[in-house]
Amino acid sequence: MRASTYPLVDPAEAAELVLERTPVLPVEEVSLAAGWGRVLAEDLVAPSQLPPFPASAVDGYAVRAADGAGRLRVAGESAAGRPFEGALPEGAAARILTGGVLPVGADTVVMVEDVVEDGDSVVVPEGFPAGRNFHRPGSDLRQGELVLRRGEALGAAELGLAAALGFPRLSVRRRPRVALMSTGDELVEVGQEPGPGQIVDSNRWALLAALREAGTEVTVLGLAPDRPEALREMVVGVLAEHDVLVTSGGVSVGTHDLVKPLLESLGEVHVGRVKLKPGKPFTFATLGGGGLAFGLPGFPVSSLVTFEVFVRPSLRKMQGFAQPQRPRLPVRLGYEARPSADRTEYQRVTLIREGGELVARSTGSQSSSRLMSLAGAHALVPVPPGPQGISAGTIVEALILSLPG
């Protein structure tokens with residue numbers, strides 16, 4: 001065991017440093033079918049108005065309000081995709097279906113439930129002024145109106161809007177290409193029987209899920225041995241094809257912790273330790289070819305907490321997200337939060353709704369090896385170091401992972 005030469009960096013300072021050195025990836029065009037979850041690289045402006053024509057909101061009859069109540073001759077029909085031809089004569093009505101174009105001359109639609117149909121005529125009751133039951137052109141979007149801002153993620157509604165406006169392809173930021181590996185001779189594959197002193201590699205699968213949720217394309221490298229040359233060969237072989245290297249394990253100060261020396265030889269290590277519990281050995285480096293490397297601790301909770309605090313915001317910045325960080329919300333502590341002596345501790349909590357508040361409950365033992373403390377957790381509560389904890393009932397700001405149903 002050797003003493004670390006890396007200074008302990010405040011978590012907020014480390015997070016800022018990571019984002020400062022994170023590039024935004026180039027722009028590419030994708031089809032609407034491939035657009036879900038991607039991030040717009042350019043503002044989307046409406047090239048035309050929506051709806052493009054006055055469209056009925058109901059099934060019924062299009063009429064002139066000036067004709068008033070009484071019996072009107074049915075002059076034809078306007079269905080979706082099959083408009084009424086010509087102008088609607090005075091003293092006449094046109095049968096109209098939902099989505100049908102309002103005929104020229106008509107200015108209101110009477111629902112079919114409100115009329116009496118009588119062969120080739122229809123009886124319209126009183127009380128139907130102009131402007132009823134149809135969507136005016138441009139009432140949803142005007143031509144030239146800003147529809148979506150760059151930096152917004154494309155979900156179902158956003159892709160539907162793009163399609164309605166006639167955009168078959170969209171400009172988005174490229175997804176980060178990430179190489180993921182676990183280090184340590186003590187690790188065995190899932191499904192294998194661990195030998196003496198060995199454990200199953202769970203970090204790889206937890207991080208794979210976290211990376212995919214963050215919108216990345218992941219290459220899983222598998223287990224790397226605790227041998228410098230073999231580790232170097234595995235890493236160097238993939239760097240040219242990836243934007244980011246994520247490792248778990250091998251970043252402490254033991255004689256078999258080889259990740260930091262490797263990253264030093266390939267680039268510049270900017271963070272080698274953070275004042276964070278769990279996650280003190282977290283490492284961040286920039287590599288010679290412009291890529292980024294994140295060395296995450298080997299303990300399962302430390303690995304995922306440092307991913308949330310440092311790695312996920314960086315990956316989202318790469319994709320052009322206007323807001324790369326997870327949201328932070330005020331919550332009321334439902335327990336006594338005891339501090340660490342010298343490091344900010346991100347405690348795992350579940351949230352429940354009580355009245356108009358979110359109340360945080362501890363997930364139990366906060367040991368860095370206890371993955372159960374993160375299973376089902378809704379948020380991370382940062383607890384500053386020092387002799388004083390945070391009393392139950394105190395309002396604190398929490399990093400929100402998900403919200404209770």
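The values are calculated or read from the model by the stated rules, or taken from the named source; none is laboratory data. Since the model is a prediction, treat every value here as computed from it, not as a measurement. As a convention, Cβ positions derive from the backbone with ideal geometry for all residues, glycine included, and neighbour counts pool all protein chains shown. Note: accessible area is taken over every heavy atom of the protein model, side chains too, but ligands, DNA and RNA are not part of it. Shrake-Rupley method; radii C 1.70, N 1.55, O 1.52, S 1.80 Å.
Quick notes on this one:
To keep it simple, each residue is scored yes or no on (1) touching a strand residue (DSSP E or B) at 6+ places or on another chain (Cβ under 7 Å); (2) in contact (Cβ under 8 Å) with a residue 40 or more places away in the chain; (3) assigned to a strand (DSSP E or B); (4) among the polar types (S, T, N, Q).
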| position | (1), (2), (3), (4) |
| --- | --- |
| 16 | no, no, no, no |
| 19 | no, yes, no, no |
| 29 | yes, yes, yes, no |
| 33 | no, no, no, no |
| 42 | yes, yes, no, no |
| 61 | yes, yes, yes, no |
| 95 | yes, no, yes, no |
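- Filtered by the rule that a residue be of a type in the set (D, E, K, R) and either at pLDDT below 95 or open to solvent by less than 20 Å² (accessible area, probe 1.4 Å) (or both), the range 289-325 gives a lone residue, 312.
- Search result, residues across the range 66-93 that are at positive phi, open to solvent by less than 60 Å² (accessible area, probe 1.4 Å) and either among the charged types (D, E, K, R) or in a loop (DSSP other than H, G, I, E, B) (or both): 68, 86, 91
- For residue 331, the requirement of being surrounded by 17 or more Cβ atoms within 10 Å (Cβ to Cβ), in a strand (DSSP E or B) and in contact with a Leu (Cβ under 6 Å, 6 or more places away or on another chain) is met.
- Every residue from the range 320-356 that is of a type in the set (Val, Ile, Thr) and under 25 Å from the mean Cα position of the chain (by Cα): 331, 349, 350, 352
- Residues satisfying the stated conditions in the range 187-204, i.e. assigned to a loop (DSSP other than H, G, I, E, B) and without any contact (Cβ under 8 Å) to a residue 24 or more places away in the chain: 190, 191, 192, 193, 194, 195, 196, 197, 198, 201
- Residues of the range 32-41 classified as out of contact with any Gly (no Cβ under 8 Å at 6 or more places or on another chain) and either over 16 Å from residue 155 (Cβ atoms) or among the aliphatic types (A, V, I, L, M) (or both), total: 3
- Restricted to the range 120-182, the set of strands (runs of 3 or more DSSP E) holding at least 1 residues that are of a type in the set (Val, Ile, Thr) and out of contact with any helix residue (DSSP H, G or I) (no Cβ under 7 Å at 6 or more places or on another chain) comprises 121-124, 169-173.
- Candidate set: the range 224-254, residues that are of a type in the set (Val, Ile, Thr) and assigned to a helix (DSSP H, G or I); chosen: the one least open to solvent (accessible area, probe 1.4 Å): 235
- Residue match in the range 297-304 (condition: β-branched (Val, Ile, Thr) and not in a helix (DSSP H, G or I)): no
- The range 102-119, residues that are open to solvent by 40 Å² or more (accessible area, probe 1.4 Å) and either at pLDDT 95 or above or not in a loop (DSSP other than H, G, I, E, B) (or both): 104, 107, 111, 112, 113, 114, 116, 117, 118
- Candidate set from the range 357-392 (those that are within 23 Å of the chain's Cα centre (by Cα) and in a loop (DSSP other than H, G, I, E, B)); member that is surrounded by the fewest Cβ atoms within 10 Å (Cβ to Cβ): 375
- The range 206-217 residues that are in contact (Cβ under 8 Å) with a residue 24 or more places away in the chain, paired with ones that are of a type in the set (Phe, Trp, Tyr) (beta carbon under 9 Å, 6 or more apart): 206/307; 207/307; 210/307; 211/307; 214/307; 215/321
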